[in-house]
Amino acid sequence: MTAYNGRATKVEILKEAAAFCSKQGKQMIVQSSSAKPSTIGSSYAGAEVQFACK
């Protein structure tokens with residue numbers, strides 16, 4: 001996914017993680033998350049989410 005807004009990227013990752021856990025009949029538990037905005041001319045936005053399915 002190409003995005004310029006780190007928060008929007010993080011939201012999409014969280015949706016995918018929740019769907020992944022849901023398919024296993026479990027609930028997603030976020031352990032940590034971060035988002036980084038894009039920098040003009042040097043990088044795209046990014047996000048990292050660590051989660052567990054319980």
Requested in this report: Return one number: the angle in degrees, 0 to 90 and rounded to the nearest 10, between the long axis of the Cα atoms of helix 6-23 and the longest principal axis of the Cα atoms of the chain.
Outcome: 20
Query raised in the report: Of the heavy-atom accessible surface of the chain (probe 1.4 angstrom), what whole percent is carbon and sulfur?
Result: 53
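Provide the per residue accessible area, probe 1.4 Å, for the chain, rounded to a whole number of square angstrom.
Details: 4050 Å² over 54 residues.
Roughly 75 Å² per residue, with all protein chains present.
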**Report entry** Solvent-accessible surface (1.4 angstrom probe) belonging to T39, in square angstrom, nearest 10
**Finding:** 70
Query - Probe 1.4 Å, all protein chains present, accessible-area order of K36, K23, largest first - result: K23, K36
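Let me know the charge dipole size of the chain about its Cα centre in debye, to the nearest 20, where only the beta-carbon of Lys, Arg (+1) and Asp, Glu (-1) is charged. Show your work: numbers first, answer last.
Working: 7 positive and 3 negative charges, 36 e Å.
Its charge dipole is roughly 180 debye.
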**Report entry** Intensity falloff of the chain expressed as log10 I(q)/I(0), Debye formula with alpha-carbon point scatterers, at q = 0.16, 0.27 Å⁻¹
**Finding:** -0.49, -0.95
Query - Residue-averaged 222 nm ellipticity for the chain, from DSSP H runs of 4+ at -39500 (n - 2.57), nearest 500 - result: -11500 deg cm²/dmol
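The values are calculated or read from the model by the stated rules, or taken from the named source; none is laboratory data. Keep in mind the model is a prediction, meaning the values are calculated, not measured. A quick note on method: Cβ atoms are made from the backbone with ideal geometry, for glycine too, and the neighbour counts reach across all protein chains shown. Side chains are part of the model used for accessible areas, which takes the heavy atoms of the whole protein and leaves out ligands, DNA and RNA. Shrake-Rupley method; radii C 1.70, N 1.55, O 1.52, S 1.80 Å.
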